[in-house]
Amino acid sequence: MNQNVTKEINIGKIWFYILIVLIFMYGIIFPGVTYLQIDYLALGFVVISIVGAFIEKKMKFDVALLFLFQAMFVCSLKDDMWGNRYEVCYGWILVSAYIIGKLSIGNLKGKDDKRVVISYFALASGLLVTGIVDIIYNIAIGYFSTEWIVSIWTNETIGRTVYDLYGILMVSAIPYFVLQVIHKKRIAILGIIIAISYVVLMVRNEGRYCLFILLLLAPMMFCLYVYDRWDKFGENNKKIIKMTFLSFVLFVIILGVSFKFNILGLKAIYKSSYLSSGGILHNVRFKLAKEALQKMPYYLQGGYGEGLEFNAHNSWLEFGDKYGVIVFILLECFRLIVIYDALKFFIKRNNGAIRYLLLPAFIFINIYFSMEPIGFRRRLYFVIPMILFGIMKRECELSS
């Protein structure tokens, strides 16, 4: 009996590390996958999902997975009808990516936090390696700082927003690194240095999103830290925290007014910088998404992005634009279920440091793919949020 249990544990460990290596390697090699290799990638993803299900044995029924499967089934069915043979495979890849994210956490409560950290950084590290290698290559050929980066895999010129994506998970992990400074000082400090260095590199190439994340992490971490420990603070400390919060709000209001009326030349400084073109303020993406949603009721079979300057410019909306509103609704149901479970997980104060890792990443990945169409136009990039959502969903299931 004990030998069987030990054997199962050993198989589970071996399988876990196989998944980690595969997740890490995917982050490195996926930009180089060609159309002719999509079939093999899809087959590999499906086989991993099936084998993992047999090894784990216990798989909780997942309504989110049901919605995702239906959405991808409709997409694949229509692609097959239209003769888009290679695009059919994306449906299996994206569904399997979500399952693989869940499988990487396993079903052993108590070990899930450690597995979340390892799985998360396997994906984050693979993506970061891809971004850094391409940046070094572009510096070497003198093409860096042009808003565009040449991919070492395909020799194709790719926009800076894609390279922001490569750094999102590592930059979002800074609050977690800060908490780990006491226990794992060298690794935590190294992680912070690497994350900030990537932000600096992206700013040099006129990237905005990693910088945006970095600016929001401090207030986000402060709010989460205070929320976690509010009951432990004395009355004096609570007053100090309230005053600090009110001072910060007042500072933001003053800064906003100063910007609006160009006090101290703040608006002029912003307008003269690269941040003003397509930046967070007055972003054309909000306008495009709004117009797409307004046109949606009149284009139930898709096509509501036609006539817009850059289509819907939103990964979720663009699926509906091509495959019909029903696909958009199914994908949003999938996303809303994961978000709902994530909210329940994040408001529990006893979920510890892991929340400081998953919360920023979950928020900023959702924002990114709601602002960028890359998840639809290059669907192997959409594997990234699917794996993260799978990790998040499985952690929520085990913590409940």
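Please treat every number below as a calculation from the coordinates, not as lab data. Predicted model only: the values in this text are computed from it and were never measured. Every residue, glycine as well, gets a Cβ built from its backbone with ideal geometry; the counts of neighbours run over all protein chains shown.
Can you spot the lysines whose alpha carbon is less than 28 Å from residue 295's alpha carbon? Ignore those fewer than 8 places along the same chain.
Partners within reach: 78, 287, 322.
Full extension from residue 53 to residue 284: what is 0.36 nm times the residue separation minus their Cα-Cα distance, to one decimal in nm?
Contour length minus the Cα-Cα distance gives 78.8 nm.
State the answer as a single residue: which of 240, 358, 330 lies farthest towards the positive end of the charge dipole of the chain, with beta carbon charges of +1 for Lys and Arg and -1 for Asp and Glu, about the Cα centre.
Value: 240.
In whole Hz, with x marking every Gly and Pro, tabulate ³J(HN,Hα) for the range 360-373 from phi via Karplus 6.51 cos²θ - 1.76 cosθ + 1.60, θ = phi - 60°.
x, 4, 4, 5, 6, 5, 4, 5, 4, 6, 8, 10, 10, x
Set the Förster distance to 22 Å, then compute FRET efficiency between residue 252 and residue 182 from the Cβ-Cβ distance, nearest 0.05.
Values: r = 30 Å, r/R0 = 1.38.
Calculated value: 0.15.
Full-extension gain between residue 237 and residue 35, please, as 0.36 nm times their residue separation minus the C-alpha to C-alpha distance. Numbers along the way, then the final one.
On the way: separation 202, 0.36 × 202 = 72.72 nm, distance 5.89 nm.
Full-extension gain reported as 66.8 nm.
Given +1 on the Cβ of Lys and Arg, -1 on the Cβ of Asp and Glu, and no further charges, what dipole in debye does the range 1-141 carry about its Cα centre, rounded to the nearest 20?
I would put it at about 620 debye.
For the range 246-251, in order, what is each residue's ³J(HN,Hα) by Karplus, 6.51 cos²θ - 1.76 cosθ + 1.60 with θ = phi - 60°, in whole Hz (x at glycine and Pro)?
Ordered by residue, 3J(HN,Hα) equals 5, 5, 5, 4, 4, 4 Hz.
Multiply the residue gap between residue 143 and residue 18 by 0.36 nm, knock off their C-alpha separation, and tell me the result in nm, one decimal place.
41.3 nm
When only C-alpha pairs under 8 Å and at least 6 residues apart count, what is the relative contact order of the chain, in percent?
Reported as a whole number, the value is 23 percent.
With labels modelled as points extended 7 Å from the Cα through the Cβ direction, what inter-label distance (nm, one decimal) is found for residue 309 paired with residue 270?
Here the answer is 1.8 nm between the modelled labels.
Rounded to the nearest 20 Debye, what is the dipole magnitude of the range 2-399 about its Cα centre when Lys and Arg each give +1 and Asp and Glu each give -1 at the C-beta? Could the numbers behind the result be given before it?
On the way: 41 positive and 27 negative charges, 291 e Å.
That gives a dipole near 1400 debye.
Tell me, what are the semi-axes, in whole angstrom and largest first, of the equivalent ellipsoid of the chain as set by the roots of 5 times the Cα gyration tensor eigenvalues?
Largest first, the chain gives 33, 30, 22 Å.
What distance in nm separates the simple spin-label points at residue 261 and residue 200, each placed 7 Å from Cα in the Cβ direction?
Each label point lies 7 Å from its Cα, and together they span 3.8 nm.
If you plug each phi of the range 39-47 into the Karplus form 6.51 cos²θ - 1.76 cosθ + 1.60 with θ = phi - 60°, what whole-Hz ³J(HN,Hα) values come out, in order, with x for Gly and Pro?
Rounded to whole hertz, the list is 4, 5, 5, 4, 4, x, 4, 5, 4.
Separation of the range 190-244 and the range 341-400 by C-alpha centroid, Å?
For the range 190-244 versus the range 341-400, the Cα centre distance is 18 Å.
Testing the spin-label approximation: label points 7 Å from Cα along Cα→Cβ at residue 111 and residue 294. State their distance in nm.
5.5
Using +1 at the C-beta of Lys and Arg and -1 at the C-beta of Asp and Glu, which of 144, 264, 222 has the Cα lying farthest in the positive direction of the dipole of the chain?
Going by the Cα projections, it comes out as 222.
Which entries in the list 58/344; 13/102; 242/344 go over 19 Å, if you measure between the two C-alpha atoms of each? Kindly include the intermediate steps, with their values, before the conclusion.
Details: 58/344 23 Å; 13/102 15 Å; 242/344 25 Å.
Over 19 Å Cα-Cα: 58/344; 242/344.
If r is the Cβ-Cβ distance from residue 222 to residue 336 and R0 is 25 Å, what FRET efficiency results, to the nearest 0.05?
That pair, residue 222 with residue 336, gives E of 0.35.
Arranged from highest to lowest average of other beta-carbon atoms within 10 Å per residue, in what order do the peptides 373-386, 25-38, 202-215 appear?
373-386, 202-215, 25-38
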